[in-house]
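Note sheet for the following structure.
The values are calculated or read from the model by the stated rules, or taken from the named source; none is laboratory data. Model, not experiment: these values are computed from the prediction. Methodologically, a virtual Cβ is constructed for each residue, glycine included, from the backbone with ideal geometry; neighbour enumeration extends over all protein chains shown.
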Amino acid sequence: MSEDFNNRPSPWMRQYAKCNICGKALRHLPFAVANVTCRDCYGLDRYRRNESFSPSGISGSSSYRGSQPFRPAQPVIPYEPTPRYVAVQDPFDARDEEVLDGPLQAKRNALSEKDLEALFAPPSWWPDEVTSRQRTEVYDRLLQWMSATCSGGIQIFRNTCTELGLDEDGTQASRILRRLRLLGHVETAPDGSRWTVAPPAIVQLVAGDGSRFFLSGARDESLLRELEKWASVERLPMMDGSAPTSIFLTVHDLDGLFKRIDASELKPRLHFAFDVALWFAQRLPTVPEWAQMLEVLPGVQPDSFMLRRHDGKSWKPVALPKEPGFYEFWEDCAEGADDPWEVQGARPCKSLLLLEDGTWRRGDWYGLSFAARHAAQGHCPTIYDSATGQLAVPRAWHWPEFFERALVLASGRLPCCQRVGGQLWLVYEGISPALLDVLESKLNLQTTRR
Amino acid sequence: MATYEEWNNALAKYFTAGAARGSKVYLNVDDDSLRHIRETLLSSSAMPDATASEDFCEAVRYHVLEKKTVCLDAIRGRTKENVPKSIAFLGAMVLAAARMGETDISYSNDYFTHLRDVLGLPPTRKAYEVTHGNRPEGLPTGCEEQFWLEWSRWLQRRGFLPTATRGEGAEAFRHYPISQSLLRQAEKDKLRAFFTECGWPSHLDSDQVITRLLWRNYGLTSHLREVFSDDRAEAVTDPIYELYEERTYQRVLGKRSGAIPQATQRPLIAGLLRRENWFNGEVMYHLYPRRQAHHYADEGQIIVAGETHQLAMQRARWFEPIPATVDIVARGALHPVTQPHFYSELMLPQRSFWVLVPDPENDRSGDFASWGAPGLGTRFILLLKKSLARSLEPLRGVLLQWQDEAEAESGLAEWVELRDCAVIGEDWDDVSLDEELLEELRPRHKLNVGLSGGLRAAQGGWLQGHGPDITVFGVAASEEETVEVTIYRIRSDREQKESQHIYPLNQPQIITWPDSGIYRIEARRGGATTERLVLIQAWDELCINTAKSEYGLQWGQWRLCGAVGEELPVPVKKGEQRV
């Protein structure tokens, strides 16, 4: 059949009334209606008669027809452009607001016994219990929502954090995700654009007699109720309320628990992880090996940016990246202004690690900073309290997320931050001597044992 | 032969399974849908010699009639699956409505004559007709309303919007089944004849087919024009598209008539999904396969550029998007589908524009796709050829508004994206524009209830304490114009008015949702009415979604996902054996 068929009047096509001025067919009026005027002609006629336009009379409004000039006389829906996010945060930049530059200000030798007591004591700056509990409840809801949603884009996650009141300024989402990853609750895509909740797992604590576990990954009320039937469950909010409630289980009859889970509906979705921190630590690469595993960023053009390099102690402006190290790429600021990094609240465009082989690598900000310090000093200082199983790491040496996971998975708790001896420390708990031994060899730790 | 109970449950499943929560459900029973139900849901108990309609009618007669009198007691209450027992009987009433015709063709317009025929009842006796009209014996005026209301409540409790409505005057109760029949048999016959004759190309998607029909006004009866002018337009799209597909099938087989058997292959039509990388602003387009209504395939396989992709359900009616190169936008795409067998290929039609609306299940997800036509005031992205974009310029600020015009991705030199686009005027009648684009942009309703913000629940709806804000969009001459908004709460046995407000048009209103539950928002202004369903879910109803975790730390031969570590299998090289 020829295409001309399309232009042929259909046997069912109706005849329409025509405008008595311009002769145009009026599609919504049957042919029997006579003496009618189309909108264009009616509007034009009224215009010539100098009648004012009545907004309520939509039928009398003018509208666009072919090349005639359009007269915007119709009422319309008010239009406000949707606000757009101007600043886009680097997904890997999850550092806290504290300035991490500067050399390690205090040496282990400078810490007195009193300082060490304070270092491993509960921090005095913790928020009060009510505030901490309220914040924890919000994080619980966030994890509950993620467990039900399963996966999504980073934008949905940001929106949810904002809706729940966890991210007022749009900069906290990356940090929240980092904490949730450390605790084994979620995973993210390599480019940081999507997240997915991790499967629920009962994870054995590294320290102790092996009867203590914590719950990681997805959770919901029915899972918690089931677990409460089988084990002694303790709910502990994170000290500063910066993560979901830690769920600890004490299980004396492990075989009995296995049997109960086998017989329940939970079996296909609930995992057990024994000694996962140790298993993970044993398979960790060394720091130089890890640096080689970082994602290569091709086509980097440093000459279009202002650069500064971290030499392991402090930041130094450089013209060109001649030496390996940790570099920040900054947009040039206006003529006569200070250096861009002096501007309050400014952030670099990129933070990259330049390796000996000349490749630029992308990774989490703490990791790149750690790599620079490690390359310069060769070791990482730590203090270990063998009585309590606590490990203190200078905050300036915040470990790469890849390695820090081993510390957090050992206890299911995030580190608490202490200011002792004029500097900030991160104190991890539940670190067994065996785990510390493995980490010492991988990260070349210089540990002072107390 | 399938029993009445089997038909009853099958009908309930057929019309609700796969429907998105909050969407409208029509009990659109006709000869084609009954055939489809028998082929897909009742294949084991089909009577080989009878047509599906005969089988169905026989089951209804056997169950409901007693001495040629309708016995309503047989359809009261619920089945053990908690499904109303009356659905199949109501379906029979709709089947009668579907067999009604226009006055200009050889179908009788008397509803009850058709109902008597469906129930196998003889014509009325004169004496009975004087007192009861043409109604079947045992079905006094209005007695069927209770069953329609029960069907509506049952749908509402499952998060769907019911559509059966009472008419006015003499039409009061007859209107219930008539409102459910989207496409009558006479109209189907007309459209079948038209599609056979029209010579349209075979690779059109449903939007293109409907647009062409509307624009040319071919084969549209007054009933169908009425359907297209109100909110049933979206629901009638699929049945019409199936008729268009039949034509392709018939051409392949060289047949002049006959419906497509369920086992026959047909193309799986894809829409377009646009996703933007939040960090670097890079825009990616995806093929977005849309499952046809009532095709129960939840997974499959497709081959794109020699690579096999899994088809998995993302949501009601939509498969997971498949990444694609940008040139598909300009060229269209055709990829073979290896599973399920009834899809021959995945087809993205070649078009000169794409209307990409925000995700109806999460308007802030950043995804835009061909999920439907934009309502008044809804922000969307218009991806179109530059030549078409130029023709929109005179409409800017009057009927259409957009914030910026961005060059489309490299590889789409002749295309442009109009971002933050909104339809702001309603009088599109005399606009001269590309006909398909005009039909897509023309608002179908004078009012549009927009829901924004809040926290979306995975299973649909919003979470308690984080319900949405309401904006009623409509064309207003001044900022003072208002709209009447009534919020009803749907309970198991009734609908209760929760609150009534007068809100300014086009301004978001913060609503305090009292509790978890299902709410119906009704907006009225002048003669225009629109409604939307809002589901508020309690936090403790959330449950873990057990889908496999996609990401994790992977290094060497190990993987850590959350707190679960595993050793990955080492790929065996040729000539080697694993120890």
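Within region A:361-373, the only residue that satisfies the criterion of being more than 23 Å from the chain's Cα centre (by Cα) and within 20 Å of A:PRO302 (Cα to Cα) is A:ALA372.
The set of residues from region A:203-222 being touching a strand residue (DSSP E or B) at 6+ places or on another chain (Cβ under 9 Å) and among the charged types (D, E, K, R) comprises A:ARG212, A:ARG219. In region B:457-479, the qualifying residues are those that are more than 7 Å from chain A (Cβ to nearest Cβ), assigned to a loop (DSSP other than H, G, I, E, B) and under 20 Å from B:THR530 (Cα atoms), and the one that is modelled with the lowest pLDDT is B:GLY461.
Criterion first (within 19 Å of B:ALA20 (Cα to Cα), touching a residue at least 24 places away in the same chain (Cβ under 8 Å) and not in a strand (DSSP E or B)) does B:ASN545 satisfy it?
yes
The combined condition, being closer than 30 Å to A:ALA376 by Cα, touching a residue at least 60 places away in the same chain (Cβ under 8 Å) and either within 11 Å of chain B (Cβ to nearest Cβ) or among the basic types (Lys, Arg) (or both), is not fulfilled by A:LEU270.
Tell me, please, whether a residue that is in contact (Cβ under 8 Å) with a residue 60 or more places away in the chain and more than 10 Å from every other protein chain (Cβ to nearest Cβ) can be found in region B:382-405.
Among the residues of region B:382-405, at least one is in contact (Cβ under 8 Å) with a residue 60 or more places away in the chain and more than 10 Å from every other protein chain (Cβ to nearest Cβ), which makes the answer yes.
If the condition is being of a type outside the set (A, V, I, L, M) and modelled with pLDDT under 90, then region B:56-72 contributes B:GLU66, B:LYS67, B:LYS68, B:THR69, B:CYS71.
Of the candidates B:GLU150, B:GLU168, B:GLU144, the single residue that is away from every other protein chain (no Cβ under 14 Å) and in contact with a strand residue (DSSP E or B) (Cβ under 6 Å, 6 or more places away or on another chain) is B:GLU150.
Listed by position, the helices (runs of 4 or more DSSP H) inside region A:223-298 whose residues that are modelled with pLDDT under 90 and in contact with a strand residue (DSSP E or B) (Cβ under 8 Å, 6 or more places away or on another chain) number at least 3 form an empty set.
Would you say A:ALA218 is among the small types (Gly, Ala, Ser), surrounded by 22 or more Cβ atoms within 10 Å (Cβ to Cβ) and either more than 8 Å from chain B (Cβ to nearest Cβ) or assigned to a loop (DSSP other than H, G, I, E, B) (or both)? Against the criterion (among the small types (Gly, Ala, Ser), surrounded by 22 or more Cβ atoms within 10 Å (Cβ to Cβ) and either more than 8 Å from chain B (Cβ to nearest Cβ) or assigned to a loop (DSSP other than H, G, I, E, B) (or both)), A:ALA218 qualifies.
Of the residues making up region B:151-182, those that are over 24 Å from B:ASN9 (Cβ atoms) and among the aliphatic types (A, V, I, L, M) number 3.
What are the residues in region B:342-354 that are under 21 Å from the mean Cα position of the chain (by Cα) and over 16 Å from B:ARG212 (Cβ atoms), if any? Spell out how you get there, then give the answer.
Going residue by residue through region B:342-354, those that are under 21 Å from the mean Cα position of the chain (by Cα) are B:342-343, B:346-349, B:354.
The answer is B:PHE342, B:TYR343, B:LEU346, B:MET347, B:LEU348, B:TRP354.
Residues in region A:273-299 that are crowded, with 17+ Cβ neighbours inside 10 Å, more than 12 Å from every other protein chain (Cβ to nearest Cβ) and of a type outside the set (Val, Ile, Thr): A:ALA291 alone.
The requirement of being under 24 Å from the mean Cα position of the chain (by Cα), under 22 Å from B:ASP327 (Cα atoms) and in a strand (DSSP E or B) is fulfilled somewhere in region B:382-398, by at least one residue. Here B:LEU204 does not fit the description of being part of a loop (DSSP other than H, G, I, E, B) and at pLDDT below 75.
Scanning for something surrounded by fewer than 21 Cβ atoms within 10 Å (Cβ to Cβ), within 10 Å of another protein chain (Cβ to nearest Cβ) and part of a strand (DSSP E or B), does region B:407-419 turn up at least one residue? Yes, region B:407-419 contains a residue that is surrounded by fewer than 21 Cβ atoms within 10 Å (Cβ to Cβ), within 10 Å of another protein chain (Cβ to nearest Cβ) and part of a strand (DSSP E or B).
Taken over region B:152-177, the criterion of being in contact (Cβ under 8 Å) with a residue 40 or more places away in the chain, assigned to a helix (DSSP H, G or I) and under 17 Å from B:ARG232 (Cβ atoms) is satisfied by B:LEU155, B:TYR176, B:PRO177. Can you confirm whether region B:423-436 contains a residue that is within 12 Å of chain A (Cβ to nearest Cβ) and part of a strand (DSSP E or B)? Checked region B:423-436: at least one residue is within 12 Å of chain A (Cβ to nearest Cβ) and part of a strand (DSSP E or B).
Residues of region B:533-553 that are more than 7 Å from chain A (Cβ to nearest Cβ) and loosely packed, with under 14 Cβ neighbours inside 10 Å: B:ALA538, B:LYS548.
Residues in region B:489-517 that are under 29 Å from A:VAL76 (Cα atoms) and assigned to a strand (DSSP E or B): B:SER499, B:GLN500, B:HIS501, B:ILE502, B:TYR503, B:PRO504, B:GLN509. So A:GLY208 fits all but one of (1) away from chain B (no Cβ under 13 Å); (2) modelled with pLDDT under 90; (3) in contact with a helix residue (DSSP H, G or I) (Cβ under 9 Å, 6 or more places away or on another chain); what number is the exception? Just one mismatch for A:GLY208, condition (3). Applying a threshold of 6 Å to beta carbon distances and a minimum spacing of six or more residues, or different chains, the list of pairs starting in region A:349-361 at a residue that is at pLDDT 90 or above and ending at one that is crowded, with 20+ Cβ neighbours inside 10 Å and in a loop (DSSP other than H, G, I, E, B) reads A:ARG361/A:LEU294. Taking region A:122-178 as the range and being over 13 Å from the mean Cα position of the chain (by Cα), in a loop (DSSP other than H, G, I, E, B) and of a type in the set (D, E, K, R) as the test, the residues that pass are A:ASP128, A:GLU168, A:ASP169. Those strands (runs of 3 or more DSSP E) of region A:366-450 in which 1 or more residues are modelled with pLDDT under 95 and among the small types (Gly, Ala, Ser) occupy A:390-394.
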